[in-house]
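Notes to accompany the following structure.
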Amino acid sequence: MDISVIGAGYVGLTTGISFAEFGNKVKFIDIDENKINKIKHGIAPIYEEGLQELIKKNFDRINATTNYENLDSIVFICVGTPSLPTGLINLQYVKQAVENVAKNLDDGLIIIKSTVFPGTTEKILLPIVRKYSDKISIAMNPEFLREGMALHDFMNPDRIIIGVIDERGEKILKKLYTPIKAPIMVTNPTTAEMIKYASNSFLATKISFANEIGNLAKILGIDVYDVMKGVSMDHRISPYFLNAGAGFGGSCFPKDLRAIASGAKKLGYDMKLINAVLEINDEQPLRLIKLLEKYMSIEGKEIAVLGLAFKANTDDIRESRSIPVIKELIKKGANVRAYDPMAMENMKKIFDIKYCNSVEEALMNADACIIMTDWKEFEDIDFRNMKNKIVIEGRKILKNREGIIYEGICW
Ligand code: NAD
């Protein structure tokens, strides 16, 4: 089949290249010329494990353009839905993309993959489509991939949710997903949208729950990882998303939880649990600063921050917990030097601090070190060349803690 993918970001690239790998022809359309040029030259514009290889392998089946003309009749909308200051999502990119598609397509299926508030596809986007065509159908197909594992997750999902308004949408989507062995749930677009928000809300709640238990465990001198190991042996709970630490970041959880809570508030409903999950998450990174202040006043000190990406195996820094930590360190007068194997270029757009080429360079004569991302290369750090060997761990990653003054956030 021939597919157009609007928005060549983490979701669009993963979706498009996976469908190309299944034998379809895929056209990427993005307003970012830089991204399009890279794809045209066979270069992955973002880092995702395996993406570069798949772009090379399927180069003959992919195309990239900034032009909405000559669309294929199956179009995935994968543009961003960032937060507004109100917490609601900014729908303008999705609306623009849908309108551009509707203007340039006579008949076909538009599939919304961007995460949008329940009701958006049917109540806001379908009417935009209907201004231009009575024939185009619309569907909502939420994406559950995790960055860093995006291709693996796309090709091996636990389930595929398709929210459709007619049989044609259901038939096309089922056919597209045939190579993937996973249960398919067919529902309406509004329910599909809610399934996405409910899933992310539940996973984020597990993390804030683990952090809340972890904060108390820390006071009691207990390692929360031992606690959660015991807790998660109960099959009703499961071990996933119970890793306590500096909190959740990334482009989805914080934004999606703010969106559902703000959307609910607008409808007159106060989501107490979701708001508490967000509150715990906002406070969590600042606990690292408090732990550091047990040992030193921060002003004028050389502090190494190891790990800038919101989690390991990605270059994405959106809502990374290292951002509030660095902000607070700077506010308190520290000289921050940072290192991350993938995410430094992105962080340079936010902070004018010293960026180091290696862990060793960041630690050389440093007064303290805060570990923010569980990159594998941080497992065996040699802290010998630090001035004061004070190490604060926001993600549990170190194998050896001997010879250092050490505090884990929840352990
Ligand atoms: P992204 O910012 O990486 O990519 C979005 C792309 O859309 C950008 O390249 C941007 O230039 C492009 N774009 C914006 N407006 C456009 C337009 N009018 N026409 C063409 N291109 C346009 O975003 P992402 O992380 O891929 O997320 C996309 C959506 O998927 C969001 O709604 C997000 O919530 C959702 N989602 C993301 C993830 C994730 O892990 N990143 C997982 C599941 C769902």
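Determine which single condition SER262 fails, assuming it passes every other condition in (1) without any contact (Cβ under 8 Å) to a residue 24 or more places away in the chain; (2) within 20 Å of the chain's Cα centre (by Cα). Answer for SER262: the failing condition is (1). Residues in the range 1-18 that are more than 14 Å from the ligand (Cβ to nearest atom) and either out of contact with any helix residue (DSSP H, G or I) (no Cβ under 7 Å at 6 or more places or on another chain) or closer than 13 Å to CYS78 by Cα (or both): ASP2, ILE3. Per the conditions (1) within 14 Å of the ligand (Cβ to nearest atom); (2) within 19 Å of ALA192 (Cβ to Cβ), the sole criterion not satisfied by ILE74 is (1). The lone criterion from (1) within 14 Å of the ligand (Cβ to nearest atom); (2) in contact with a Lys or Arg (Cβ under 9 Å, 6 or more places away or on another chain) left unmet by LYS95 is number (2).
Residues are listed down the side, and each one gets a yes or a no for (1) over 23 Å from LEU13 (Cα atoms); (2) at pLDDT 95 or above; (3) surrounded by fewer than 20 Cβ atoms within 10 Å (Cβ to Cβ):
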site	(1), (2), (3)
ILE89	no, yes, no
LYS103	yes, yes, yes
ASP107	yes, yes, yes
MET140	no, yes, no
PRO157	no, yes, yes
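Taking the numbered list (1) farther than 17 Å from ILE371 by Cα; (2) buried (at least 20 other Cβ atoms within 10 Å of the Cβ) in turn, GLU345 passes all entries but (2). Only helices (runs of 4 or more DSSP H) whose full extent lies in the range 123-208 are considered here, and the ones with at least 3 residues that are within 15 Å of the ligand (Cβ to nearest atom) and in contact (Cβ under 8 Å) with a residue 60 or more places away in the chain are 150-155. Find the residue count for the range 389-406, including only residues that are buried (at least 22 other Cβ atoms within 10 Å of the Cβ) and touching a residue at least 40 places away in the same chain (Cβ under 8 Å). Counting residues in the range 389-406 that are buried (at least 22 other Cβ atoms within 10 Å of the Cβ) and touching a residue at least 40 places away in the same chain (Cβ under 8 Å) gives 4.
Exactly one residue among THR115, THR120, THR66, THR81 is more than 9 Å from the ligand (Cβ to nearest atom) and modelled with pLDDT of 95 or more, and that residue is THR120.
Matching residues to (1) crowded, with 23+ Cβ neighbours inside 10 Å; (2) within 21 Å of LEU145 (Cα to Cα); (3) polar (S, T, N, Q):
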| site | (1), (2), (3) |
| --- | --- |
| ASP234 | no, no, no |
| PRO239 | no, yes, no |
| PHE248 | yes, yes, no |
| CYS252 | yes, yes, no |
| LEU257 | yes, yes, no |
| SER262 | no, no, yes |
| LYS265 | no, no, no |
| TYR269 | no, no, no |
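For the range 297-305, the count of residues that are assigned to a loop (DSSP other than H, G, I, E, B) and either within 16 Å of the ligand (Cβ to nearest atom) or assigned by TED's automatic domain parsing to the domain that holds LEU145 (or both) is zero. In the range 29-51, the count of residues that are more than 11 Å from the ligand (Cβ to nearest atom), aromatic (Phe, Trp, Tyr) and more than 20 Å from the chain's Cα centre (by Cα) is zero. Residue count for the range 357-388 satisfying the condition of being touching a strand residue (DSSP E or B) at 6+ places or on another chain (Cβ under 8 Å), over 25 Å from ASP316 (Cβ atoms), of a type in the set (D, E, K, R) and surrounded by fewer than 17 Cβ atoms within 10 Å (Cβ to Cβ): 1.
The values are calculated or read from the model by the stated rules, or taken from the named source; none is laboratory data. The shown structure was predicted, so the numbers you read here are calculated from the model rather than taken from an experiment. Backbone-built Cβ (ideal geometry, glycine too); neighbour counts: all protein chains shown.
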